[in-house]
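Here, each number is a calculation from the coordinates, and none is a lab measurement. Keep in mind that this is a model prediction, so the values were computed, not measured. So basically every Cβ, Gly included, is an ideal-geometry build from the backbone, and we count neighbours across all protein chains shown.
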Amino acid sequence: MKSLKLFLVAALLWTPLLYAEQYLSEASFVASAFKTPPKPKSFWLTPTIKPIVQQLLQHPPAFLRTRYWQEQQRTVWILEEIGKNEPITVGVIIDNHHIVQLQVLAFRESRGWEVKHSFFTDQFIASTLSTEQSLSQSIDGISGATLSVNALTKIAQLALFFDQSISP
Amino acid sequence: MKNARKSPWRLLYKLHRYLGLAISVILILLAITGIALNHTDDWQLNSRYIKSPTVLNWYGLNRPSAIRSFKAGPHWISQLDQQSYFDTQALITNSPLLVGAIRTEAFFVLAFEKQLLLLSDNGTVIEKIPLEQAIHSIGVTEPDSVFIRLDSQIKVSHDGLLSWQSAPDSGIQWSQETALPEPLSDQIQQTHRQHIIPYERFLLDLHSGRLFGEVGVFIVDLSGILLILLTVSGCWIWIRHRIKSRFHNKRLY
């Protein structure tokens, strides 16, 4: 009985950690976007911004401030969104309001990891944000990874919206 | 009459009947849990938690977990397992080890291994800041100057944790682990215990039989095999019955 309880509790507590995987650090991603990385700036979710963010995410945002890096028309955003249970960390490089690169930096879910591959993330390249706050390009889903696909799509929309908010 | 009783077909009928009766309860349980698991998102089974003390005790969650706690201004920041709390308010799950917490004029800063968490005055998460190096402790001097002790150096931020510079170790009030007052500790233990096992997890363990250990898994596996036998015997009986009734009809006409 004791070993059964220990097994159940251990399985319960360690499951999320077994799947935690970081592919690229935040610093390495930022360094890949600029010749000399600029100092980070902070972007606050003001009372006017917050309802739009909530609409894009389809739930209240879990943060009030996010950092970004900017040099002329190029901005870099590192954002997180929950796929099913755990947050997926994604880096987005935007140049002149177009996505140049979108990369999964850390994936912690047990399923849906296919979204980390370039065959999926390359679909976001050159996307812009329409006036209805949707992506200019349609993104093909991956069966069995719907929630992860949705999370990455929301992050792409959010990064483009933040980028437009700082330099319309 | 004696031959009919010993006939293999009669034996098959009996076997089919008793097999069905034997596994009926388990099949109903598997069907109910299976249907519920198919609607995990619709019924929010992964965000609603089991509160029954009997079930929680069955999982072995009847002992209090070790609490790490730090006092920051008038508030207590604590961590049980991987769940952190701002007084009794749950903050983030699956958080790394909490190493300290401080209060500046503008916000609270919680230091975890390789991560800082910025909170507003009412405990709302402002930002999660990942760091490349492990943090050993966090301290504060004048308002809005936050210090962190890394492996071989101390760094300070004067701009709301946006940038860091090296700093000497002088006059810094480092955050120290402090025992949580008992009433608060009891309240957090109770809250924590009731937010560990989501219904989805319980149903999965019930569906697979794991809730009852190896015996449970064996019974569910055996039920699966018996269900296959039941299907085969059912089809067999139906085919025999069909052939028999056709033959009987031919003889009539």
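Across peptide A:61-69, what mean number of C-beta atoms from other chains lies inside 10 Å of a residue's C-beta? Please report the intermediate quantities before stating the final value.
Details: counts 1, 5, 6, 8, 10, 3, 5, 0, 0.
Per residue, the average neighbour count from other chains is 4.
When the Cα atoms of region B:149-253 are enclosed in a convex hull and the volume is divided per residue, what value in Å³ results? Mind dumping the intermediate values first?
Details: hull volume 32.1 nm³, N = 105.
It comes to 306 Å³ per residue, whole-number rounded.
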Task: Hypothetical label at B:His136: residues of region B:44-88 whose amide nitrogen lies under 20 Å (7 Å Cα-Cβ projection) - done: B:69-70
- [ ] Only helical DSSP H runs with n ≥ 4 go in: add -39500 (n - 2.57) per run for chain B, normalise by residue count and round the 222 nm mean residue ellipticity to 500 deg cm²/dmol.
- [x] -14000 deg cm²/dmol
Task: Sparse-neighbourhood loop sites, GluC sites (Glu not before Pro) in region B:127-233 - DSSP loop, at most 15 other Cβ within 10 angstrom - done: B:Glu132
Task: 37 °C / 0.692 mPa s Stokes-Einstein diffusion coefficient of region B:214-253, Kirkwood radius on C-alpha pairs, µm²/s - done: 267 µm²/s
Task: Amide H contacts of B:Trp76 (H built 1.01 Å from N, under 5 Å, at least 5 apart or other chain) - done: B:Asp87
Open item on the list: Using each residue's phi in region A:102-113, evaluate 6.51 cos²θ - 1.76 cosθ + 1.60 at θ = phi - 60° and report the 3J(HN,Hα) Karplus result to the nearest Hz, with x for Gly and Pro.
Closed with: 10, 9, 6, 8, 8, 10, 10, 6, 7, 9, x, 5
- [ ] Let me know the shape class of chain B, please: from the alpha-carbon gyration tensor, a ≥ b ≥ c as square roots of the eigenvalues, rounded when a/c is under 1.5, otherwise prolate if a/b is greater than b/c, or oblate.
- [x] prolate
Open item on the list: If you wrap a convex hull around the alpha carbons of the protein assembly as shown, what volume per residue comes out, as a whole number of Å³?
Closed with: 207 Å³
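On alpha-carbon atoms, Rg over Rh for region B:95-163 using Kirkwood Rh?
Working: Rg = 10.9 Å, Rh = 11.8 Å.
For region B:95-163, the value is 0.92.
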Task: 3J(HN,Hα) from dihedral phi, region A:41-51, Karplus parametrisation 6.51/-1.76/1.60, rounded to Hz, x for glycine, proline - done: 10, 10, 10, 9, 7, 6, x, 7, 7, 4, x
TODO: Just need the Rg to Rh number for chain A, please, alpha carbons only, Kirkwood Rh.
DONE: 1.02
Task: Degrees between helix A:146-166 axis and first principal axis of chain A (Cα, 0 to 90, nearest 10) - done: 30 degrees
Task: Gap separating the Cα centres of region A:55-79 and region A:110-168, nearest whole Å - done: 13 Å
TODO: Compute the distance in nm between two label points, each set 7 Å from the Cα along the Cα-to-Cβ direction, one at B:Ala179 and one at A:Gln133.
DONE: 5.1 nm
TODO: For B:Thr124 paired with A:Ser25, estimate the spin-label separation in nm (one decimal), with each label point 7 Å from Cα along the Cα-to-Cβ line.
DONE: 3.3 nm
- [ ] Quote the charge dipole size of region B:19-150 about the Cα centre in Debye, to the nearest 20; the model charges only the Cβ of Lys and Arg (+1) and of Asp and Glu (-1).
- [x] 500 debye
Task: Zero-based 5 Å bins, Cα pair distances in region B:79-123, whole percents - done: 6, 23, 35, 24, 10, 1
Task: Cα-based shape type of region B:81-229, given that a ≥ b ≥ c are square roots of the gyration tensor eigenvalues and the cut on a/c is 1.5 - done: prolate
- [ ] Please report, to one decimal in angstroms, the Kirkwood hydrodynamic radius of region B:34-102 built from all distinct Cα-Cα pairs.
- [x] 14.5 Å
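Which of the peptides B:106-119, B:179-192, B:82-95, A:101-114 is most tightly packed, and how do the rest follow, judged by the mean count of other Cβ atoms within 10 Å per residue? Show your work: numbers first, answer last.
Working: B:106-119: 20.9, B:179-192: 14.8, B:82-95: 17.7, A:101-114: 19.3.
Descending packing order for the listed peptides: B:106-119, A:101-114, B:82-95, B:179-192.
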TODO: May I have the pair-distance distribution P(r) for region A:113-168, computed from all Cα-Cα distances with 5 Å bins from 0 and rounded to whole percent?
DONE: 4, 20, 30, 23, 14, 7, 2, 0
Task: Relative contact order [Cα under 8 Å, 6+ residues apart], region A:46-155, whole percent - done: 21 percent
Task: Ellipticity estimate at 222 nm from DSSP helix runs (n ≥ 4, -39,500 (n - 2.57)) divided over chain A, nearest 500 - done: -11000 deg cm²/dmol
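List the residue ranges in chain B for DSSP H helices whose C-alpha atoms run 18 angstrom or more along the long axis and whose Kyte-Doolittle average is 1.0 or above.
Span-like helices in chain B: B:8-38.
Could you size up the charge dipole of the protein assembly as shown around its Cα centre, putting +1 on the beta carbon of Lys and Arg and -1 on that of Asp and Glu, and report it in debye to the nearest 20? Walk me through the numbers before you get to the answer.
Numbers: 39 positive and 34 negative charges, 771 e Å.
That gives a dipole near 3700 debye.
Over all distinct Cα pairs, what is the inverse of the mean 1/r for region B:1-77, reported as the Kirkwood hydrodynamic radius in Å? Don't skip to the answer; put the middle values down first.
Details: mean 1/r = 0.0541 Å⁻¹.
Averaging 1/r across every pair of different Cα atoms and inverting gives 18.5 Å.
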